[in-house]
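Report on one structure; see the data block that follows.
The values are calculated or read from the model by the stated rules, or taken from the named source; none is laboratory data. Note that this is a predicted model, so its numbers are computed, not measured. Methodologically, a virtual Cβ is constructed for each residue, glycine included, from the backbone with ideal geometry; neighbour enumeration extends over all protein chains shown. Areas reflect the complete protein model, heavy atoms only, side chains present, ligands, DNA and RNA absent. Shrake-Rupley method; radii C 1.70, N 1.55, O 1.52, S 1.80 Å.
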Amino acid sequence: MWVTLSQQRCASRLPMNTVVLFVPQQEAWVVQRMGRFHRVLEPGLNFLIPVLDKVRYVQSLKEIVIDIPEQSAVSLDNVTLQIDGVLYLRILDPLKASYGVEDPEYAVTQLAQTTMRSELGKLTLDKVFRERESLNSNIVRSINQASDDWGIRCLRYEIKDIQVPPRIKDSMQMQVEAERKKRATVLESEGMRESGINVAEGRKQAQILASEGEKAEQINKAAGEAQAVLAKAEAKSKAIRLLSDALAEQNGNAAASLSVAEQYVAAFSNLAKKSNTLLLPSNAGNISGMVTQAMTIYSKLAKQSPPAESMKTDEPPVQSPPAQ
């Protein structure tokens, strides 16, 4: 039926030999003379001999779009698919397209269907959807290898629709949902991990900063205490030096006695303020005796420690006589 309809269509398009013929653009007319191929008429003005010449084929040089009917194909994992497509081709050699095959469009359509079934049998169901572009290019390459002798060039092939069985479709839907849940779980776990890492890093930085602050505080405190000790030592040294100078002057002993008496009175006035139990000497009220005793102790200490200048002598050391 396909061949018959194609022949009727071609026959209805054949022009009559009117001696002077005008060939339209993007068409090629194949002329036979006495039943044999004579020449191909180019677009424009052409002349033919009546009765002898006859236009036998009219080929369109435009790009032709052929709808590939839906057909069943089995994938590599034994899944039956219903698939259809669209084929784009062009006639490059009108002579081969006229005499190389009976019906070029029908031949290319059948070749596309068989090639599509063969290519689908090499792929699994998942790869059919992922490698759709490579599948189209493989089909075009296979068609062009067989259609070169027909003067036809396949430009591209596009798969329009792929239908899978309902059970397979449900399984694919469940697989998609499982993948989405998996991605959501992974993203949630990664978020929790990043959050824990951020919290731990924050605590670590806080502890480091706290330890550094405490270290700086201790350093500053130690430096302050050292400076305070030095200041107290320098003040005490100055006080001792001044006291020594004062005692060396005239009436220094009297001034020292007065200072000791004042300190004794001040200490005696603070007795029994913090505790009820006291140990007192028998002559606690004899201030003059206590002052005299303190001055006596001071005098003894002054006599026992000779000044530093007396320890330095200018006499040369005594040398022992040489042994005989």
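Going by the conditions given, is Y88 surrounded by fewer than 18 Cβ atoms within 10 Å (Cβ to Cβ), more than 30 Å from S171 (Cα to Cα), in contact with a Cys (Cβ under 8 Å, 6 or more places away or on another chain) and touching a residue at least 60 places away in the same chain (Cβ under 8 Å)? Spell out the reasoning first.
Details: surrounded by fewer than 18 Cβ atoms within 10 Å (Cβ to Cβ): yes; more than 30 Å from S171 (Cα to Cα): yes; in contact with a Cys (Cβ under 8 Å, 6 or more places away or on another chain): yes; touching a residue at least 60 places away in the same chain (Cβ under 8 Å): yes.
Answer is yes for this residue.
Taking V74, is it open to solvent by 70 Å² or more (accessible area, probe 1.4 Å) and modelled with pLDDT under 90?
On the way: open to solvent by 70 Å² or more (accessible area, probe 1.4 Å): yes; modelled with pLDDT under 90: yes.
It is true that V74 is open to solvent by 70 Å² or more (accessible area, probe 1.4 Å) and modelled with pLDDT under 90.
Do we have L87 as farther than 25 Å from G151 by Cα, assigned by the TED database to the domain that holds R153 and of a type outside the set (D, E) here?
Working: farther than 25 Å from G151 by Cα: no; assigned by the TED database to the domain that holds R153: yes; of a type outside the set (D, E): yes.
No.
Determine if the range 221-231 includes at least one residue that is acidic (D, E) and within 30 Å of T292 (Cβ to Cβ). Spell out the reasoning first.
Step one: of the range 221-231, the residues acidic (D, E) are 225.
After this cut, where a residue has to be within 30 Å of T292 (Cβ to Cβ) as well, the list is none.
Checking the range 221-231: not a single residue is acidic (D, E) and within 30 Å of T292 (Cβ to Cβ).
Any residue at all in the range 173-191 that is of a type in the set (G, A, S), under 30 Å from I64 (Cβ atoms) and within 32 Å of the chain's Cα centre (by Cα)?
no
What's the total number of residues in the range 236-252 that are open to solvent by 60 Å² or more (accessible area, probe 1.4 Å), assigned to a helix (DSSP H, G or I) and either more than 25 Å from T292 (Cβ to Cβ) or at pLDDT below 65 (or both)? Please lay out each step first, then the result.
So in the range 236-252, the residues open to solvent by 60 Å² or more (accessible area, probe 1.4 Å) come out as 236, 238, 240-245, 248-251.
Checking the rest, the ones that are also assigned to a helix (DSSP H, G or I) come to 236, 238, 240-245, 248.
Of the ones still in play, those that are also either more than 25 Å from T292 (Cβ to Cβ) or at pLDDT below 65 (or both) are 236, 238, 241.
Final tally of qualifying residues: 3.
Among the strands (runs of 3 or more DSSP E) confined wholly to the range 7-54, which include 2 or more residues that are farther than 19 Å from L92 by Cβ, at pLDDT 85 or above and hydrophobic (A, V, I, L, M, F, W, C)?
Values: elements: 20-23, 27-33, 36-41, 44-47.
The qualifying strands (runs of 3 or more DSSP E) are 20-23, 44-47.
For R90, which of the numbered conditions (1) assigned to a helix (DSSP H, G or I); (2) in contact with a Lys or Arg (Cβ under 9 Å, 6 or more places away or on another chain); (3) within 17 Å of Y157 (Cβ to Cβ) fails to hold?
Failed condition: (1).
Tally the residues that are touching a Leu at 6+ places or on another chain (Cβ under 7 Å) and in a strand (DSSP E or B), restricting the search to the range 57-71.
Initial filter on the range 57-71 (touching a Leu at 6+ places or on another chain (Cβ under 7 Å)): 58, 63-64, 66, 68.
Filter once more, keeping what is in a strand (DSSP E or B): 58, 64, 66, 68.
Residues in the range 57-71 being touching a Leu at 6+ places or on another chain (Cβ under 7 Å) and in a strand (DSSP E or B): 4 in total.
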